[in-house]
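Enquirer: Sharing a structure below in structure tokens format, with a few things to ask.
The values are calculated or read from the model by the stated rules, or taken from the named source; none is laboratory data. Please read these numbers as outputs of a predicted model, since none were measured by experiment. Here the Cβ positions follow ideal geometry from the backbone for every residue, glycine too, while neighbour counts run over all protein chains shown. We work out accessible area using only protein heavy atoms, side chains counted, and drop any ligands, DNA or RNA first. Shrake-Rupley method; radii C 1.70, N 1.55, O 1.52, S 1.80 Å.
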Amino acid sequence: MMIGGGGMLLAASPAQAADISYKTQCIPPAISGLPPVEGTTQVQLTAPAEAKVGDTVEVVWKTVAAASRNPDVLDLSKDTVQPTGTIKLGGAATGDLKVEGPRQTPPIPKNSAMLLSEMKGSLKLEKAGDLTLTPDAYNINVSKPISTDTKCTPKETVKPGATIKVTDGGGTTAGGTTDGGTDAGGTTDGGTDAGGTTDGGTDAGGTDTGGTATGGDTGGTDAGGATAGSGGTGGATDFPGKEVAVNFACKSPGPASIESEVTVNAKKNGGGYGLTVKTAKGVMDSPADLPAGALKPSMQIVIGGADKGSVAVTGPGNPDPLKTGKPVDLPDMTGTYKPGASGRSTLTPGTLTIDVTLGGSKINIPCTVKGAVKASLELDTTAQQGGASGGDTAGSGGAAAAAGGGTASGGGLAATGAEDNGALRALGLVAGTAILLGGAVFTFTPWRRLRSGR
């Protein structure tokens, strides 16, 4: 049985249509933080009741009811949703018929039924007999603000939705070539849990400020960090740090945990230091196509030893567009450290935060340090007026490391809005909504472990 759209479409006998309902599971994009959605899909298939061998016939899939509603988060704009699906062939033919609908839908308000355009596909009949057509998996793609997909698959045996009686009309079988029906099934996935676009969404991520110290021994001691003089000796100005392994525990909608090699380098500038923080290459796989500038990293560097506090370092947005599934290198993060105490002070990687902008909304993913981390750099510091010494040199309200050099596993990063379950849930919904229906971001799907290599 050939799948395609080339050749004349024949309806050799009156078309038939029947409604078929089946239990369905839709998988939201990982970044949404939402569990799989269970629901019932109702489909009406239309196909000729009879046709002859050699005919090319058209099959129409109408989604009477999708498995879920558009969540109560975002409105979907006009003509942003496109469905694709698969119809299983049985009896006189085997294989899959791919069907696709146009990106033509009315605006879909939040908390309302999903509306999908009719999907169509054509196939050439090559063998006489009863040919059954059974609706199977389908996909939903949302194009804005970023193209993403949701996949829906049957969770029970589905009954055929139509049967074509194929007679031997004496015509030769085209052996044939499938024609052009687009294999639409590959990209859109049928999630009906349409998250929707993030147009007009609020900045759900919130600012990454504050933060409490939460245990872990991340840098109270020299712990293998590179040691450097503060400038009184030898006139050195560049102080390279040591690459240290860090295990991060991330909040939803991020991954459960990620690992990376992190290096903190310093360059003396007057009484202070310019910091440059590098992470491993290929820290994650991009979950969706992202435009340039959509993803920005930041980190809190915990100050220990003689000095206390934390310093915020930030990186620019991704310089080039990111492709779904391709490794992402975080840009170098920079900031300024002004010592608040004289003596030997340590600099240790703390909380890593990844911000992804979706239209007017921002997804904030905090990843706090898990377990003990060695200091990357040790400096002989000289106290400066207005320096750290127990405060947050970044001015973001982050908590200082515990006295005596015990560190905050949060790296001194403040507790953000993501610490609030309700706010975090809203954040996940904003991300997932766009993602769910195919229009969102950054799925970190799958999250690749942060790898060493820089």
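Enquirer: For the stretch 235-289, what is the Kirkwood hydrodynamic radius in Å, using each pair of distinct C-alpha atoms? The partial results should precede the final answer.
Expert: Details: mean 1/r = 0.0741 Å⁻¹.
Roughly 13.5 Å, rounded to one decimal.
Enquirer: Still on this structure, please answer the following. By accessible area of protein heavy atoms, probe 1.4 Å, what ranking do 307, 320, 332 get, highest first?
Expert: Values: 307 0, 320 100, 332 50 Å².
Most to least solvent-accessible, the answer reads 320, 332, 307.
Enquirer: Excluding residues fewer than 8 places away in the same chain, name every one of the lysines whose C-alpha is closer than 21 Å to that of residue 281.
Expert: Here the lysines satisfying the reach criterion relative to residue 281 are 242, 296, 323, 326, 370, 374.
Enquirer: Can you list the residues of the stretch 50-82 with backbone N under 16 Å from a point 7 Å past the Cα of residue 128, pointing along Cα to Cβ?
Expert: Those under the cut-off are 50-55.
Enquirer: To the nearest 20 debye, what charge dipole does the stretch 320-364 have about its Cα centre, counting +1 at the Cβ of each Lys and Arg and -1 at the Cβ of each Asp and Glu? Please report the intermediate quantities before stating the final value.
Expert: On the way: 5 positive and 4 negative charges, 27 e Å.
The dipole of the stretch 320-364 has a size of about 120 debye.
Enquirer: What FRET efficiency, computed as 1/(1 + (r/R0)^6) with R0 = 56 Å and r the Cβ-Cβ distance, is obtained for residue 94 and residue 336, rounded to the nearest 0.05?
Expert: Once the sixth-power term is evaluated, E becomes 0.25.
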